Amino acid sequence: MKLLLAEDDQGLRTSLTQALQTAGFTVDAVDNGIDAHHQGQHAAYDAIVLDLGLPRLDGLSVLKRWRTAAVRTPVLILTARDHWSEKVAGIDAGADDYLTKPFHGEELLARVRALIRRSQGVATPTLQCGSIELDPRTSQVHHDGKQVNLTAQEYKLLHHLMLHMNQVVSRTELTEHLYAFDMDRDSNTIEVFVGRLRKKLHKHCIETVRGMGYRMTCHTTPAVTVSGD
Ligand code: CA
């Protein structure tokens, strides 16, 4: 899951970035409205956390520009206390949720997770694909009822594929979701992560769609082949 965080308060930006990364998100953090607008418009995010009081271009204008340009990424706005009219203006401008400062990091995490679930049309907090179960609240994965240890990158990849079950997800899209913009990207590593997931889960859980990408297909029970000989 990849998030854009636009917050000019350095302390808050650092602590939120850490909390979100610990919860398994890839985070691009910016400190002004111009960069926020650019990133939100040109990169793919699962959700955006947008402070309304930003320098260079205020958050409300950023949000309005995105929505005018048909950027549909779910947006949670952060508003200052006592500025109730900001919330109304923000929601009118296309925000999906809001939080008033100060807030608890846990509440932000819960709201962001709910926002992503709603935008993906997933009603339950846990994702299930056959015998594989992923819980975004705890970042835990179970296979056949047993806990599977995944690295942060393996988890992010699996999470993204499970949110787009039965759809082909391109390697480029997966690379973008796994890495923040300031990191070296290598789409070949996706193949390595997919290989490891197949080994840790089961080998048919992720299908390679030649020339297009990967697809997670759900089998209710693992297929058993009985040979005649
Ligand atoms: Ca601010």
Counting only residues 5 or more places away or on other chains, whose amide H sits under 5 Å from the amide H of V75 once H atoms are built in the peptide plane? I48, D96, D97
Choose one answer from G211, G90, G130: the residue with the largest mean-square fluctuation in a GNM of the chain with alpha-carbon springs under 10 Å. G211
What fraction of the DSSP beta bridges in region 1-134 is antiparallel, stated in percent and rounded to the nearest 5? 15
Could you check which residue among H202, H42, H159 shows the biggest mean-square fluctuation in a GNM of the chain with a 10 Å Cα cutoff? H42
Taking all protein chains as present, what is the carbon and sulfur share of the accessible area of region 88-229, in % to the nearest whole number, probe 1.4 Å? 49
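With all protein chains present and a 1.4 Å probe, how do E107, E7, E86 order by accessible area, largest first?
Descending accessible area places them as E107, E86, E7.
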Shape call, the chain: gyration tensor on alpha carbons, a/c limit 1.5: prolate
Just subtract the alpha-carbon distance of H42 and H104 from 0.36 nm times their residue separation and send over the number in nm, one decimal. 19.3 nm
Given a 1.4 angstrom probe, what's the average accessible area per residue across the chain, in square angstrom? 52
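Measure up K2/K101; K156/K199; K146/K200; K146/K199; K101/K156 against 21 Å on the Cα-Cα distance and list the ones that go over.
Going by Cα-Cα distance, K2/K101; K101/K156 fall outside the 21 Å limit.
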Which of the three applies to region 2-119, rounded, prolate or oblate, going by the alpha-carbon gyration tensor with a ≥ b ≥ c and a/c under 1.5 meaning rounded? rounded
What are the aspartates and glutamates whose alpha-carbon lies under 12 Å from the alpha-carbon of K64, with same-chain residues fewer than 8 places away excluded? D92
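The values are calculated or read from the model by the stated rules, or taken from the named source; none is laboratory data. Just so you know, these numbers come straight off a predicted model, no measurement behind them. Heavy atoms of the whole protein, side chains included, go into the accessibility calculation; ligands, DNA and RNA do not. Shrake-Rupley method; radii C 1.70, N 1.55, O 1.52, S 1.80 Å.
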